[in-house]
Amino acid sequence: MNSLILLDKLYKTQSLSLDEYKFLVENFSAENADYASTLAVKKRKEFYGNSVFIRGLIEISNICKNDCYYCGIRCSNRKADRYRLTKEDILSCCEVGFSLGFRTFVMQGGEDPYFSDEVMCDIVSSIKEKYPDCAVTLSLGERSKESYQKLFDAGADRYLLRHETADSCHYAKLHPENLNLENRMDCLKNLRKIGFQVGCGFMVGSPYQSGEHLAKDLKFIEEFKPDMCGIGPFIPHKDTPFKDFSAGSAELTCYLLSIVRLIHPSVLLPATTALGTLKENGREKGILAGANVVMPNLSPESTRAKYELYNNKLSTGAESANGLEALRKNLKAIGYEIVESRGDVKK
Ligand code: SAM
């Protein structure tokens, strides 16, 4: 096998075998990554030109009933300084975001039981009432099908739920026993059936991850065809069981962004905060690898540092008018333009 030939094949057919994906991942090199990004950018331009979509991220709570071994807001972390936003807080984040030009609001949080269906539906419908031309994205973890249906009926448009890894044994190494891959996948299927634009995704370089695991992630993305896909490097958090593991590679993350763009050319692909945290100009590097979404933080300044999923998480930047201008300028310098629109997936 030859990586450049495989990348050409992927460009033409959007499909490879599991072994071929494994070969691509295991033979990662600067040369292959360069070639992959050239093809990925070409593909992305066919669908999205040089537009980059912005999403206003609102981190609504760092209270979580789950205990994922990698995550800084896991329930066993007694050192986390817990908070949750009120409906009023969230609406004022949207107000600031709307005036800055955001037309998608992403509410993300730990699995905080306070945000019941009733509470969440009220928040979603209030946002949609006030901002009917905006999309609402939720990223609140695993819920029942009935719950997802209620959130959809209240007006939510999109749901992000990373699958984290498509290998069930690897999944079990990252999560406690009460969480399993089967349920995660069922949640993703339910979200799709209900009519959400659905996002999955995984961490790059998570503990115990192998080339084969990443190949399975890529095959899953090829088969599931998510509307969005969140891919960021694993970064250790000092108060978790994975504190002594090394961070994933920013370069491998960019290579995988390019491959995902080739698998699924119209996918909405964020250049993640984790990539920006790990690498200087990481977000720009992600865009140059084939990403087309950035998710600046609209959370109140007082809580931003508390949503600490991993060490040194970026919590400044494009959330203010000045920050957004800086991001706009940086992206313009590399040939891209931030657009003020909902930025739905092109079908
Ligand atoms: N509770 C929701 C869920 O589980 O989907 C949303 C919040 S969760 C904190 C969002 C994402 O953060 C996870 O899907 C995970 O991939 C990522 N994350 C958590 N800890 C991380 C770490 N140490 N390094 C990189 N990403 C991490």
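The values are calculated or read from the model by the stated rules, or taken from the named source; none is laboratory data. Because the structure is a prediction, the values reported are computed rather than measured. Cβ: placed from backbone, ideal geometry, glycine included. Neighbour counts: every protein chain shown. Surface accessibility is based on the protein's heavy atoms, side chains included, excluding ligands, DNA and RNA. Shrake-Rupley method; radii C 1.70, N 1.55, O 1.52, S 1.80 Å.
If you go through the range 84-130 and keep only what is of a type in the set (F, W, Y) and in contact with a strand residue (DSSP E or B) (Cβ under 8 Å, 6 or more places away or on another chain), you end up with F102, F105, Y114, F115.
A single member of L314, L309 is surrounded by fewer than 24 Cβ atoms within 10 Å (Cβ to Cβ), closer than 30 Å to K79 by Cβ and under 14 Å from the mean Cα position of the chain (by Cα), and it is L309.
Scanning for something closer than 20 Å to G110 by Cα and within 14 Å of the ligand (Cβ to nearest atom), does the range 213-226 turn up at least one residue? Before you say what the answer is, go through the steps one by one.
Looking only at the range 213-226, we keep the residues that are closer than 20 Å to G110 by Cα, and these are none.
No: zero hits.
Scan the range 321-329 and give yes if some residue there is modelled with pLDDT of 90 or more and surrounded by fewer than 17 Cβ atoms within 10 Å (Cβ to Cβ), otherwise no. Scanning the range 321-329, I find at least one residue that is modelled with pLDDT of 90 or more and surrounded by fewer than 17 Cβ atoms within 10 Å (Cβ to Cβ), so the answer is yes.
Candidates are the residues of the range 87-120 that are part of a helix (DSSP H, G or I) and of a type in the set (S, T, Y); the one that is farthest from the ligand (Cβ to nearest atom) is S99. The set of residues from the range 121-161 being away from the ligand (no atom under 16 Å from the Cβ) and among the small types (G, A, S) comprises S125, S126, A135, A154, G155. For S125, state whether it is modelled with pLDDT of 95 or more, loosely packed, with under 14 Cβ neighbours inside 10 Å and of a type outside the set (F, W, Y). In short, no.
Take the residues of the range 235-278 that are part of a helix (DSSP H, G or I) and among the charged types (D, E, K, R): which is farthest from the ligand (Cβ to nearest atom)? So, considering only residues that are part of a helix (DSSP H, G or I) and among the charged types (D, E, K, R), the one farthest from the ligand (Cβ to nearest atom) is R261.
Which ranges mark the strands (runs of 3 or more DSSP E) fully within the range 130-222 that have 2 or more residues being open to solvent by 10 Å² or more (accessible area, probe 1.4 Å), within 23 Å of T273 (Cβ to Cβ) and out of contact with any His (no Cβ under 6 Å at 6 or more places or on another chain)? Break it down stepwise before answering.
Working: elements: 135-139, 158-160, 197-204.
Because the criterion is at least 2 residues that are open to solvent by 10 Å² or more (accessible area, probe 1.4 Å), within 23 Å of T273 (Cβ to Cβ) and out of contact with any His (no Cβ under 6 Å at 6 or more places or on another chain), the strands (runs of 3 or more DSSP E) in the range 130-222 that meet it are 197-204.
Any chance you could count how many residues in the range 15-41 are among the polar types (S, T, N, Q), in a helix (DSSP H, G or I) and open to solvent by less than 70 Å² (accessible area, probe 1.4 Å)? Full working, then the answer.
We begin by selecting, within the range 15-41, every residue among the polar types (S, T, N, Q); these are 15, 17, 27, 29, 32, 37-38.
Remaining after also requiring in a helix (DSSP H, G or I): 32, 37-38.
Adding the requirement that they be open to solvent by less than 70 Å² (accessible area, probe 1.4 Å) leaves 32, 37.
Number satisfying all stated conditions: 2.
For K65, the criteria (1) within 16 Å of the ligand (Cβ to nearest atom); (2) closer than 16 Å to K306 by Cα; (3) open to solvent by 50 Å² or more (accessible area, probe 1.4 Å); (4) basic (K, R) hold in every case but one, which is (2).
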